[in-house]
């Protein structure tokens with residue numbers, strides 16, 4: 001059985017507007033200047049407290065709990081206002097449906113999001129039955145600690161040589177390496193290609209349509225038969 005694990009923000013969904021809004025509220029709540037877009041998005045994938053600690057100066061570390069709380073409250077308010085509808089990236093749904101239809105593939109999520117946020121994403125995109133395992137910041141240490149992948153493999157019974165982590169940040173790639181599984185970096189998210197290369201991604205793709213070849217290369221998982229490819 002193959003286990004294909006996806007990061008969420010920056011890999012499956014384009015959530016930058018929601019994230020930047022939450023960061024801005026978090027910083028402004030404690031009287032600090034919010035980071036610029038590039039800096040703010042650079043921490044996507046980390047658990048919330050870890051992310052804020054990376055963004056603030058050491059002398060402001062004591063403000064992180066209040067900033068994280070403000071971020072969470074901003075997300076809830078945005079959701080209640082009907083503004084939290086982060087779109088799937090082009091090709092994501094087709095690829096998820098293709099993988100989910102196979103008897104030898106299980107799908108998973110490993111994300112710095114809270115479980116509530118993942119459930120909301122599933123609901124608005126009709127993905128409630130898509131994933132066999134969901135690992136979040138609620139139940140595991142922040143990336144790049146390997147616990148999320150290890151827990152996903154334990155829940156599904158998948159072996160490391162049949163597991164791949166797909167993500168847009170070095171945190172995803174480093175987590176995969178720490179867990180001893182293959183990795184695929186995607187360039188449409190929040191860390192640039194050169195960072196993914198430096199982190200040692202097993203394969204890097206520029207569109208979901210390239211994932212078929214990447215899975216064949218990293219896991220020897222072939223989505224289509226030769227006859228279908230020719231047809």
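The values are calculated or read from the model by the stated rules, or taken from the named source; none is laboratory data. Since the model is a prediction, treat every value here as computed from it, not as a measurement. Cβ coordinates were reconstructed from backbone atoms using ideal geometry, including for glycine residues, and neighbour counts include every protein chain displayed.
Given the residues 77, 140, 154, 176, which is the only one that is at pLDDT 95 or above, in a helix (DSSP H, G or I) and under 27 Å from residue 54 (Cα atoms)? Write out each step before concluding.
Values: 77 fails: at pLDDT 95 or above; 140 fails: in a helix (DSSP H, G or I); 154 fails: under 27 Å from residue 54 (Cα atoms).
Answer to the selection: 176.
Out of 91, 40, 22, report the one residue that is at positive phi and either without any contact (Cβ under 8 Å) to a residue 24 or more places away in the chain or surrounded by 13 or more Cβ atoms within 10 Å (Cβ to Cβ) (or both).
Every option except 91 fails the conditions.
So which residues in the stretch 33-54 are over 21 Å from residue 148 (Cα atoms) and part of a loop (DSSP other than H, G, I, E, B), if there are any at all?
33, 34, 35, 36, listed by residue number.
Starting from residues that are modelled with pLDDT of 95 or more and either touching a helix residue (DSSP H, G or I) at 6+ places or on another chain (Cβ under 6 Å) or not assigned by TED's automatic domain parsing to the domain that holds residue 94 (or both), keep the ones in the stretch 201-223 and report whichever is surrounded by the fewest Cβ atoms within 10 Å (Cβ to Cβ).
This residue is 204.
Considering each residue of the stretch 178-196, count those that are surrounded by fewer than 19 Cβ atoms within 10 Å (Cβ to Cβ) and either free of Cβ contacts under 8 Å to residues at least 12 places away in the same chain or within 22 Å of residue 150 (Cβ to Cβ) (or both), and give that number. First the steps, then the outcome.
Narrowing the stretch 178-196 to residues surrounded by fewer than 19 Cβ atoms within 10 Å (Cβ to Cβ): 178, 180, 187-188, 192-195.
Of the ones still in play, those that are also either free of Cβ contacts under 8 Å to residues at least 12 places away in the same chain or within 22 Å of residue 150 (Cβ to Cβ) (or both) are 178, 180, 192-194.
So the answer is 5.
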